[in-house]
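Report on one structure; see the data block that follows.
The values are calculated or read from the model by the stated rules, or taken from the named source; none is laboratory data. Owing to the predicted nature of the structure, the values given are computational and were not obtained by experimental measurement. Neighbour counts run over all protein chains shown; Cβ positions are idealised from the backbone, glycine included. The protein model used for the area step is the full one, side chains on, heavy atoms only, and it has no ligands, DNA or RNA in it. Shrake-Rupley method; radii C 1.70, N 1.55, O 1.52, S 1.80 Å.
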Amino acid sequence: MPTRPPDLGPSDPPPADSPSSDTSSGGSPSSDSLSLDHRSAARDSLRGLAVGDAFGAQFFVPDNLPCLRERRLPAAPWPWTDDTEMACSVLDVLRDRGSVDQDDLAQGFARRHDFDRGYGPAMNRLLRLVREGGRWRELAAGLFDGQGSWGNGAAMRVAPLGAWFAVDPAEAAAQAGRSARVTHTHPEAAAGAAAVAVAAAYAARRGEQPLTGARLLAAVEELTPPGRVRSGVAEARRLLDQPHAGYAAHRLGNGREVSAVDTVPFALWCAASHLDDFERALWECASAGGDVDTTCAIVGGIVAARVGTKGIPAEWRAACEPLPEWVAEDVPGEDLGRAALGHEVTPPRRPQPIPPPDLEWTAGQWQRVRHGIRSRDMDEKWEAYLEDGQLHLHRSRSGYGVYRVTVAEGPNGPRPVAAYVESDPERHRRRSDAAESAFLELFLRAWYMDDTRPELWDRYTELCRAEE
(Lines give C-alpha, C1' and ligand atoms only; values in the text may rest on other atoms or scores of the structure.)
Protein backbone atom coordinates (compact mmCIF):
# COMPACT_ATOMS: atom_id res chain seq x y z
CA MET A 1 0.00 0.00 0.00
CA PRO A 2 1.14 3.59 -0.52
CA THR A 3 2.29 5.51 2.51
CA ARG A 4 -0.40 8.15 1.98
CA PRO A 5 -3.51 8.27 -0.22
CA PRO A 6 -2.49 10.24 -3.32
CA ASP A 7 -5.84 11.96 -3.72
CA LEU A 8 -6.45 13.39 -0.27
CA GLY A 9 -4.95 16.83 -0.40
CA PRO A 10 -1.96 19.08 0.08
CA SER A 11 1.19 17.40 1.34
CA ASP A 12 3.10 20.11 3.13
CA PRO A 13 2.80 19.50 6.90
CA PRO A 14 2.07 22.43 9.17
CA PRO A 15 5.21 24.14 10.50
CA ALA A 16 6.39 23.04 13.89
CA ASP A 17 5.94 26.55 15.34
CA SER A 18 3.74 27.46 13.85
CA PRO A 19 -17.27 44.15 5.49
CA SER A 20 -20.57 42.76 5.02
CA SER A 21 -22.04 39.53 6.30
CA ASP A 22 -21.24 36.34 4.43
CA THR A 23 -24.33 34.26 3.75
CA SER A 24 -22.68 31.19 2.29
CA SER A 25 -24.67 28.47 0.60
CA GLY A 26 -23.80 25.89 3.24
CA GLY A 27 -25.88 27.11 6.12
CA SER A 28 -24.12 26.00 9.24
CA PRO A 29 -23.02 26.49 12.76
CA SER A 30 -20.92 29.58 13.23
CA SER A 31 -17.68 29.29 15.17
CA ASP A 32 -17.08 33.02 15.33
CA SER A 33 -19.43 35.90 15.98
CA LEU A 34 -17.54 37.96 13.44
CA SER A 35 -19.01 37.48 9.96
CA LEU A 36 -16.87 38.55 7.04
CA ASP A 37 -17.18 38.73 3.30
CA HIS A 38 -13.72 37.28 2.85
CA ARG A 39 -13.80 37.31 -0.92
CA SER A 40 -14.48 41.04 -1.12
CA ALA A 41 -11.90 41.76 1.57
CA ALA A 42 -9.24 39.84 -0.34
CA ARG A 43 -10.15 41.62 -3.57
CA ASP A 44 -9.90 45.01 -1.86
CA SER A 45 -6.53 44.05 -0.45
CA LEU A 46 -5.27 42.98 -3.87
CA ARG A 47 -6.36 46.28 -5.37
CA GLY A 48 -4.57 48.19 -2.64
CA LEU A 49 -1.47 46.05 -3.04
CA ALA A 50 -1.38 46.70 -6.79
CA VAL A 51 -1.80 50.44 -6.36
CA GLY A 52 0.86 50.54 -3.66
CA ASP A 53 3.24 48.46 -5.77
CA ALA A 54 2.73 50.57 -8.88
CA PHE A 55 2.96 53.83 -6.92
CA GLY A 56 6.17 52.84 -5.15
CA ALA A 57 7.78 51.60 -8.36
CA GLN A 58 7.52 55.07 -9.88
CA PHE A 59 10.20 56.33 -7.49
CA PHE A 60 12.85 54.10 -8.98
CA VAL A 61 12.65 56.59 -11.87
CA PRO A 62 14.97 59.53 -11.05
CA ASP A 63 12.73 62.03 -12.84
CA ASN A 64 9.95 61.21 -10.37
CA LEU A 65 11.93 61.95 -7.22
CA PRO A 66 10.85 65.62 -7.14
CA CYS A 67 7.25 64.34 -7.01
CA LEU A 68 8.14 62.31 -3.94
CA ARG A 69 9.69 65.27 -2.15
CA GLU A 70 6.73 67.51 -3.02
CA ARG A 71 4.13 64.77 -2.57
CA ARG A 72 2.80 65.16 -6.09
CA LEU A 73 1.55 62.10 -7.90
CA PRO A 74 3.83 60.92 -10.71
CA ALA A 75 2.41 60.99 -14.20
CA ALA A 76 0.24 58.03 -15.16
CA PRO A 77 0.23 55.22 -16.09
CA TRP A 78 1.87 53.32 -13.24
CA PRO A 79 2.83 49.76 -14.20
CA TRP A 80 2.91 47.25 -11.38
CA THR A 81 5.71 44.74 -10.78
CA ASP A 82 6.27 41.12 -9.77
CA ASP A 83 4.70 41.88 -6.38
CA THR A 84 1.27 42.26 -7.97
CA GLU A 85 1.73 39.51 -10.51
CA MET A 86 2.44 36.97 -7.78
CA ALA A 87 -0.31 38.31 -5.49
CA CYS A 88 -2.82 37.75 -8.30
CA SER A 89 -1.79 34.08 -8.43
CA VAL A 90 -2.19 33.78 -4.66
CA LEU A 91 -5.75 35.07 -4.83
CA ASP A 92 -6.50 32.89 -7.84
CA VAL A 93 -5.56 29.74 -5.90
CA LEU A 94 -7.63 30.82 -2.90
CA ARG A 95 -10.69 31.41 -5.05
CA ASP A 96 -10.29 28.02 -6.69
CA ARG A 97 -9.25 25.87 -3.73
CA GLY A 98 -10.26 27.86 -0.65
CA SER A 99 -6.76 27.53 0.82
CA VAL A 100 -3.16 27.31 -0.38
CA ASP A 101 -2.61 24.39 -2.74
CA GLN A 102 1.15 24.61 -3.06
CA ASP A 103 1.42 22.71 -6.33
CA ASP A 104 -1.20 24.93 -7.94
CA LEU A 105 0.47 28.03 -6.60
CA ALA A 106 3.89 27.02 -7.91
CA GLN A 107 2.45 26.30 -11.34
CA GLY A 108 0.54 29.59 -11.35
CA PHE A 109 3.68 31.54 -10.48
CA ALA A 110 5.64 29.77 -13.20
CA ARG A 111 2.98 29.99 -15.90
CA ARG A 112 2.41 33.72 -15.44
CA HIS A 113 6.04 34.64 -14.81
CA ASP A 114 6.89 37.78 -16.80
CA PHE A 115 10.63 38.34 -16.77
CA ASP A 116 10.18 42.08 -17.30
CA ARG A 117 8.18 42.60 -14.09
CA GLY A 118 11.29 42.92 -11.94
CA TYR A 119 11.84 39.49 -10.43
CA GLY A 120 15.18 38.83 -8.78
CA PRO A 121 17.71 36.57 -10.53
CA ALA A 122 17.13 33.58 -8.25
CA MET A 123 13.36 33.75 -8.69
CA ASN A 124 13.63 34.19 -12.45
CA ARG A 125 15.66 30.99 -12.62
CA LEU A 126 13.45 29.03 -10.21
CA LEU A 127 10.23 29.89 -12.05
CA ARG A 128 11.78 29.13 -15.43
CA LEU A 129 12.88 25.72 -14.19
CA VAL A 130 9.45 24.99 -12.72
CA ARG A 131 7.90 25.93 -16.03
CA GLU A 132 10.27 23.47 -17.72
CA GLY A 133 9.20 20.66 -15.41
CA GLY A 134 11.44 21.16 -12.37
CA ARG A 135 10.22 20.28 -8.89
CA TRP A 136 9.51 23.41 -6.92
CA ARG A 137 10.18 21.83 -3.52
CA GLU A 138 13.71 20.87 -4.46
CA LEU A 139 14.41 24.10 -6.31
CA ALA A 140 13.15 26.36 -3.53
CA ALA A 141 14.96 24.41 -0.81
CA GLY A 142 18.20 24.50 -2.80
CA LEU A 143 18.41 28.26 -3.18
CA PHE A 144 21.40 30.02 -1.64
CA ASP A 145 23.44 26.90 -0.93
CA GLY A 146 20.53 25.10 0.66
CA GLN A 147 19.59 27.86 3.09
CA GLY A 148 16.54 28.86 1.08
CA SER A 149 15.65 32.42 0.22
CA TRP A 150 14.98 34.79 3.08
CA GLY A 151 13.97 37.57 0.72
CA ASN A 152 10.84 39.69 0.97
CA GLY A 153 9.08 38.06 -1.98
CA ALA A 154 6.81 35.86 0.12
CA ALA A 155 5.71 38.84 2.23
CA MET A 156 5.13 41.20 -0.67
CA ARG A 157 2.35 39.09 -2.22
CA VAL A 158 0.49 37.75 0.79
CA ALA A 159 -1.78 40.53 2.12
CA PRO A 160 -4.84 39.32 0.13
CA LEU A 161 -4.40 35.90 1.73
CA GLY A 162 -4.53 37.50 5.16
CA ALA A 163 -7.74 39.31 4.25
CA TRP A 164 -9.17 36.04 2.91
CA PHE A 165 -8.66 34.41 6.31
CA ALA A 166 -9.63 37.46 8.36
CA VAL A 167 -12.06 35.37 10.39
CA ASP A 168 -9.10 33.38 11.76
CA PRO A 169 -5.73 35.18 11.94
CA ALA A 170 -3.97 32.03 13.15
CA GLU A 171 -5.12 30.23 10.01
CA ALA A 172 -3.93 33.23 7.99
CA ALA A 173 -0.48 32.82 9.52
CA ALA A 174 -0.41 29.09 8.78
CA GLN A 175 -1.58 29.52 5.20
CA ALA A 176 0.94 32.32 4.68
CA GLY A 177 3.69 29.96 5.71
CA ARG A 178 2.50 27.41 3.16
CA SER A 179 2.41 30.05 0.44
CA ALA A 180 5.90 31.26 1.37
CA ARG A 181 7.55 27.85 1.20
CA VAL A 182 6.67 27.46 -2.47
CA THR A 183 9.51 29.88 -3.23
CA HIS A 184 11.07 30.96 0.10
CA THR A 185 12.00 28.19 2.51
CA HIS A 186 14.07 30.19 4.99
CA PRO A 187 12.19 30.53 8.31
CA GLU A 188 12.56 34.32 8.32
CA ALA A 189 10.90 34.58 4.90
CA ALA A 190 8.00 32.46 6.14
CA ALA A 191 7.81 34.56 9.31
CA GLY A 192 7.67 37.73 7.23
CA ALA A 193 4.79 36.34 5.20
CA ALA A 194 2.96 35.29 8.36
CA ALA A 195 3.38 38.75 9.90
CA VAL A 196 1.95 40.52 6.86
CA ALA A 197 -0.93 38.06 6.55
CA VAL A 198 -1.90 38.47 10.20
CA ALA A 199 -1.79 42.25 9.87
CA ALA A 200 -4.07 42.11 6.82
CA ALA A 201 -6.40 39.69 8.60
CA TYR A 202 -6.88 42.00 11.56
CA ALA A 203 -7.17 45.02 9.29
CA ALA A 204 -9.99 43.33 7.36
CA ARG A 205 -12.01 42.71 10.54
CA ARG A 206 -13.80 45.98 10.00
CA GLY A 207 -16.55 45.24 12.47
CA GLU A 208 -14.07 45.31 15.34
CA GLN A 209 -13.52 48.82 16.62
CA PRO A 210 -11.32 50.41 17.50
CA LEU A 211 -8.23 48.83 15.98
CA THR A 212 -5.21 50.80 17.04
CA GLY A 213 -1.77 50.41 15.55
CA ALA A 214 -0.46 49.13 18.86
CA ARG A 215 -3.17 46.50 19.10
CA LEU A 216 -2.52 45.43 15.52
CA LEU A 217 1.21 44.98 15.99
CA ALA A 218 0.76 43.20 19.31
CA ALA A 219 -1.48 40.67 17.56
CA VAL A 220 1.02 40.29 14.72
CA GLU A 221 3.88 39.75 17.16
CA GLU A 222 1.93 37.05 18.97
CA LEU A 223 1.34 35.02 15.80
CA THR A 224 4.72 35.54 14.14
CA PRO A 225 7.23 32.71 14.73
CA PRO A 226 10.23 33.65 16.92
CA GLY A 227 13.16 35.19 15.11
CA ARG A 228 14.43 38.43 13.70
CA VAL A 229 11.20 39.36 11.92
CA ARG A 230 9.27 38.98 15.14
CA SER A 231 11.85 41.08 17.01
CA GLY A 232 11.48 43.71 14.31
CA VAL A 233 7.71 43.75 14.74
CA ALA A 234 8.18 44.29 18.47
CA GLU A 235 10.55 47.17 17.73
CA ALA A 236 8.04 48.64 15.27
CA ARG A 237 5.39 48.62 18.00
CA ARG A 238 7.71 50.51 20.33
CA LEU A 239 8.28 53.10 17.60
CA LEU A 240 4.62 53.89 16.95
CA ASP A 241 4.90 57.18 18.81
CA GLN A 242 7.76 58.16 16.48
CA PRO A 243 6.34 60.50 13.80
CA HIS A 244 9.25 60.32 11.35
CA ALA A 245 9.26 57.53 8.77
CA GLY A 246 12.94 58.14 8.09
CA TYR A 247 13.87 57.41 11.69
CA ALA A 248 11.66 54.31 11.77
CA ALA A 249 13.35 53.08 8.58
CA HIS A 250 16.75 53.76 10.13
CA ARG A 251 15.85 51.50 13.05
CA LEU A 252 13.88 48.85 11.19
CA GLY A 253 15.26 48.84 7.64
CA ASN A 254 13.44 49.88 4.48
CA GLY A 255 13.90 46.85 2.26
CA ARG A 256 17.24 47.95 0.88
CA GLU A 257 18.65 44.50 1.65
CA VAL A 258 15.60 42.89 0.00
CA SER A 259 15.14 40.58 2.98
CA ALA A 260 12.03 39.88 5.01
CA VAL A 261 13.90 41.02 8.11
CA ASP A 262 14.63 44.53 6.84
CA THR A 263 11.35 44.96 4.94
CA VAL A 264 8.39 43.66 6.92
CA PRO A 265 8.80 45.51 10.26
CA PHE A 266 9.02 48.92 8.57
CA ALA A 267 6.07 48.21 6.27
CA LEU A 268 4.01 47.15 9.28
CA TRP A 269 5.04 50.31 11.12
CA CYS A 270 3.74 52.40 8.20
CA ALA A 271 0.47 50.52 7.99
CA ALA A 272 -0.11 50.53 11.75
CA SER A 273 0.64 54.25 11.95
CA HIS A 274 -1.98 55.13 9.31
CA LEU A 275 -4.49 52.27 9.29
CA ASP A 276 -7.40 54.40 8.10
CA ASP A 277 -5.56 56.66 5.65
CA PHE A 278 -4.37 54.88 2.50
CA GLU A 279 -2.86 57.97 0.91
CA ARG A 280 -0.86 59.09 3.91
CA ALA A 281 0.38 55.56 4.67
CA LEU A 282 1.76 55.23 1.14
CA TRP A 283 3.44 58.64 1.06
CA GLU A 284 5.11 57.97 4.42
CA CYS A 285 6.27 54.56 3.25
CA ALA A 286 7.66 55.84 -0.06
CA SER A 287 9.45 58.73 1.62
CA ALA A 288 11.89 56.32 3.28
CA GLY A 289 13.15 54.89 -0.01
CA GLY A 290 14.63 51.40 -0.16
CA ASP A 291 12.71 48.59 -1.88
CA VAL A 292 9.88 51.02 -2.24
CA ASP A 293 7.61 49.05 -4.56
CA THR A 294 7.58 46.13 -2.13
CA THR A 295 7.17 48.14 1.07
CA CYS A 296 4.36 50.12 -0.56
CA ALA A 297 2.74 46.91 -1.85
CA ILE A 298 2.66 45.49 1.66
CA VAL A 299 1.30 48.71 3.15
CA GLY A 300 -1.28 49.11 0.38
CA GLY A 301 -2.53 45.55 0.80
CA ILE A 302 -2.95 45.88 4.57
CA VAL A 303 -4.56 49.32 4.64
CA ALA A 304 -6.91 48.54 1.74
CA ALA A 305 -8.08 45.45 3.61
CA ARG A 306 -9.31 47.88 6.25
CA VAL A 307 -10.58 50.85 4.23
CA GLY A 308 -11.84 48.87 1.24
CA THR A 309 -11.66 49.84 -2.41
CA LYS A 310 -13.55 53.02 -1.61
CA GLY A 311 -10.69 54.10 0.64
CA ILE A 312 -8.18 54.04 -2.24
CA PRO A 313 -8.15 57.47 -3.91
CA ALA A 314 -9.85 57.30 -7.30
CA GLU A 315 -7.00 59.18 -8.96
CA TRP A 316 -4.52 56.60 -7.70
CA ARG A 317 -6.61 53.67 -8.94
CA ALA A 318 -7.01 55.31 -12.33
CA ALA A 319 -3.24 55.80 -12.62
CA CYS A 320 -2.46 52.19 -11.72
CA GLU A 321 -2.19 49.59 -14.45
CA PRO A 322 -5.36 47.44 -14.43
CA LEU A 323 -5.17 43.99 -12.95
CA PRO A 324 -4.91 41.13 -15.47
CA GLU A 325 -8.20 40.09 -17.06
CA TRP A 326 -7.85 36.54 -15.74
CA VAL A 327 -8.14 37.84 -12.19
CA ALA A 328 -11.82 38.67 -12.89
CA GLU A 329 -11.79 41.04 -9.95
CA ASP A 330 -15.49 41.91 -10.29
CA VAL A 331 -16.54 38.24 -10.06
CA PRO A 332 -15.90 37.34 -6.42
CA GLY A 333 -17.09 33.73 -6.63
CA GLU A 334 -19.12 31.68 -4.18
CA ASP A 335 -19.03 28.54 -2.11
CA LEU A 336 -19.48 25.29 -3.99
CA GLY A 337 -22.96 23.79 -3.95
CA ARG A 338 -24.53 20.61 -5.23
CA ALA A 339 -25.97 22.31 -8.32
CA ALA A 340 -22.52 23.38 -9.48
CA LEU A 341 -21.34 19.74 -9.53
CA GLY A 342 -23.98 18.62 -12.02
CA HIS A 343 -26.99 16.35 -12.09
CA GLU A 344 -24.90 13.15 -11.85
CA VAL A 345 -24.12 13.87 -8.17
CA THR A 346 -26.28 11.54 -6.11
CA PRO A 347 -26.53 10.88 -2.36
CA PRO A 348 -25.68 7.52 -0.79
CA ARG A 349 -28.25 4.90 -1.79
CA ARG A 350 -27.96 2.86 1.42
CA PRO A 351 -26.33 5.05 4.08
CA GLN A 352 -25.27 3.38 7.31
CA PRO A 353 -24.05 5.18 10.44
CA ILE A 354 -20.40 5.11 11.47
CA PRO A 355 -18.66 6.81 14.41
CA PRO A 356 -18.05 10.48 13.55
CA PRO A 357 -14.43 11.61 13.64
CA ASP A 358 -13.43 13.32 16.85
CA LEU A 359 -12.29 16.75 15.70
CA GLU A 360 -13.29 20.41 15.72
CA TRP A 361 -12.69 23.04 13.08
CA THR A 362 -11.44 26.53 13.74
CA ALA A 363 -13.19 29.46 12.07
CA GLY A 364 -10.69 29.46 9.22
CA GLN A 365 -10.96 25.72 8.70
CA TRP A 366 -14.74 25.97 8.73
CA GLN A 367 -14.49 28.61 6.01
CA ARG A 368 -12.54 26.03 4.00
CA VAL A 369 -15.23 23.41 4.61
CA ARG A 370 -17.86 25.82 3.33
CA HIS A 371 -15.78 26.61 0.25
CA GLY A 372 -16.08 23.05 -1.02
CA ILE A 373 -13.84 20.80 -3.11
CA ARG A 374 -14.15 20.40 -6.86
CA SER A 375 -11.97 17.94 -8.76
CA ARG A 376 -10.23 19.20 -11.86
CA ASP A 377 -8.56 16.13 -13.33
CA MET A 378 -8.50 12.34 -13.14
CA ASP A 379 -6.02 12.33 -10.26
CA GLU A 380 -8.47 14.11 -7.94
CA LYS A 381 -10.95 11.50 -6.86
CA TRP A 382 -13.17 13.38 -4.43
CA GLU A 383 -15.55 16.32 -4.38
CA ALA A 384 -17.26 17.85 -1.36
CA TYR A 385 -19.87 20.46 -0.60
CA LEU A 386 -21.84 21.69 2.40
CA GLU A 387 -25.61 21.95 2.37
CA ASP A 388 -27.96 22.56 5.28
CA GLY A 389 -25.39 21.58 7.87
CA GLN A 390 -24.53 18.36 6.02
CA LEU A 391 -21.10 17.81 4.47
CA HIS A 392 -21.35 15.57 1.40
CA LEU A 393 -18.35 13.68 0.02
CA HIS A 394 -18.68 12.26 -3.48
CA ARG A 395 -16.52 10.30 -5.86
CA SER A 396 -15.64 12.70 -8.64
CA ARG A 397 -15.92 10.33 -11.62
CA SER A 398 -19.18 8.60 -10.77
CA GLY A 399 -20.80 11.35 -8.71
CA TYR A 400 -21.79 8.73 -6.13
CA GLY A 401 -22.10 9.98 -2.60
CA VAL A 402 -19.93 7.95 -0.23
CA TYR A 403 -19.94 9.88 3.05
CA ARG A 404 -22.38 12.29 4.67
CA VAL A 405 -21.39 14.18 7.81
CA THR A 406 -23.73 16.12 10.07
CA VAL A 407 -22.03 19.16 11.60
CA ALA A 408 -23.04 21.06 14.72
CA GLU A 409 -21.46 23.66 16.94
CA GLY A 410 -19.05 22.25 19.51
CA PRO A 411 -17.37 23.90 22.52
CA ASN A 412 -14.55 25.29 20.37
CA GLY A 413 -15.97 25.26 16.86
CA PRO A 414 -18.02 23.22 14.38
CA ARG A 415 -17.56 19.47 14.67
CA PRO A 416 -18.95 16.27 13.13
CA VAL A 417 -21.71 14.84 15.31
CA ALA A 418 -22.94 12.08 12.99
CA ALA A 419 -21.54 10.32 9.94
CA TYR A 420 -22.85 7.89 7.35
CA VAL A 421 -21.22 5.75 4.67
CA GLU A 422 -22.58 4.16 1.51
CA SER A 423 -23.18 0.43 2.03
CA ASP A 424 -24.38 -0.46 -1.48
CA PRO A 425 -21.59 -2.74 -2.83
CA GLU A 426 -22.26 -1.54 -6.37
CA ARG A 427 -21.19 1.94 -5.31
CA HIS A 428 -18.66 1.52 -2.54
CA ARG A 429 -16.61 -1.26 -0.96
CA ARG A 430 -17.85 -0.97 2.60
CA ARG A 431 -15.25 -1.66 5.28
CA SER A 432 -15.68 -1.93 9.03
CA ASP A 433 -17.13 0.99 10.95
CA ALA A 434 -13.71 1.68 12.50
CA ALA A 435 -11.93 1.67 9.13
CA GLU A 436 -14.54 3.88 7.48
CA SER A 437 -14.41 6.33 10.36
CA ALA A 438 -10.61 6.35 10.20
CA PHE A 439 -10.62 7.10 6.48
CA LEU A 440 -13.19 9.84 6.92
CA GLU A 441 -11.06 11.43 9.62
CA LEU A 442 -8.00 11.12 7.39
CA PHE A 443 -9.84 12.95 4.60
CA LEU A 444 -11.27 15.72 6.76
CA ARG A 445 -7.96 16.42 8.48
CA ALA A 446 -5.93 16.43 5.26
CA TRP A 447 -8.25 18.66 3.26
CA TYR A 448 -9.44 21.12 5.85
CA MET A 449 -6.77 21.09 8.55
CA ASP A 450 -3.52 20.43 6.61
CA ASP A 451 -2.97 17.53 8.98
CA THR A 452 -1.21 14.78 7.01
CA ARG A 453 0.47 12.91 9.85
CA PRO A 454 1.61 9.46 8.68
CA GLU A 455 0.10 7.82 11.75
CA LEU A 456 -3.40 8.69 10.51
CA TRP A 457 -2.81 6.74 7.32
CA ASP A 458 -1.05 3.95 9.23
CA ARG A 459 -4.06 3.56 11.50
CA TYR A 460 -6.40 3.27 8.54
CA THR A 461 -4.25 0.69 6.74
CA GLU A 462 -3.89 -1.40 9.91
CA LEU A 463 -7.67 -1.50 10.29
CA CYS A 464 -8.01 -2.55 6.66
CA ARG A 465 -5.45 -5.33 7.06
CA ALA A 466 -7.27 -6.61 10.11
CA GLU A 467 -10.28 -7.31 7.90
CA GLU A 468 -8.34 -9.37 5.39
Cα-based Rg / Dmax (Å) for the stretch 154-206: 9.6, 32
Linear extension gain, residue 418 paired with residue 215, 0.36 nm per residue minus alpha-carbon span: 69.1 nm
Highest average packing first - 186-198, 117-129, 61-73, 356-368, Cβ atoms within 10 Å: 186-198, 356-368, 117-129, 61-73
Cα centroid separation - the stretch 269-290 against the stretch 149-225, whole Å: 18
Net length gained if the chain between residue 378 and residue 406 were fully extended (0.36 nm per residue, minus Cα distance): 7.3 nm
Where only C-alpha atoms are counted, convex hull volume of the stretch 383-468 per residue in Å³: 112
Accessible surface of the stretch 183-266 [probe 1.4 Å, protein heavy atoms]: carbon and sulfur percent: 50
The stretch 61-218: relative contact order in percent, alpha carbon pairs under 8 Å with at least 6 residues between: 21
Mean projection area, nm², convex hull over Cα of the stretch 73-135: 5.3
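Calculate what fraction, in whole %, of the accessible area of the stretch 335-467 sits on carbon and sulfur atoms when a 1.4 Å probe is rolled over the protein chains. Please report the intermediate quantities before stating the final value.
Values: 2780 of 5850 Å².
Exposed carbon and sulfur together represent 48 percent of the surface.
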The stretch 338-433 - percent relative contact order, Cα under 8 Å, separation 6 or more: 33
Where labels lie 7 Å past Cα in the beta-carbon direction, separation of residue 63 and residue 432 in nm: 7.8
The stretch 130-144 - phi-based ³J(HN,Hα) in whole Hz, Karplus 6.51/-1.76/1.60, Gly and Pro as x: 4, 4, 8, x, x, 8, 5, 4, 5, 5, 5, 5, x, 4, 6
Amide H contacts under 5 Å for residue 418, placed H, 5+ residues apart: 406
³J(HN,Hα) computed for each position of the stretch 43-52 - Karplus, 6.51 cos²θ - 1.76 cosθ + 1.60, integer Hz, glycine/proline x: 4, 4, 4, 4, 4, x, 4, 5, 5, x
For the stretch 299-412, accessible area per residue (1.4 Å probe, heavy atoms of protein chains only), Å²: 47
Potential extension, residue 455-residue 350 segment - 0.36 nm per residue separation minus Cα distance: 34.8 nm
5 angstrom amide H check on residue 387, placed H, neighbours 5+ away: 392
Using θ = phi - 60° and Karplus 6.51 cos²θ - 1.76 cosθ + 1.60, couplings along the stretch 303-314 (whole Hz; Gly, Pro as x): 5, 5, 4, 8, 8, x, 4, 5, x, 8, x, 4
5 angstrom amide H check on residue 100, placed H, neighbours 5+ away: none
Cα-projected label distance for residue 96 with residue 465, points at 7 Å along beta-carbon direction, nm: 3.8
Label assignment, Cα extents along the principal axes in Å derived from the structure, set (1) 85, 53, 50; (2) 76, 46, 39; (3) 93, 53, 43: (2)
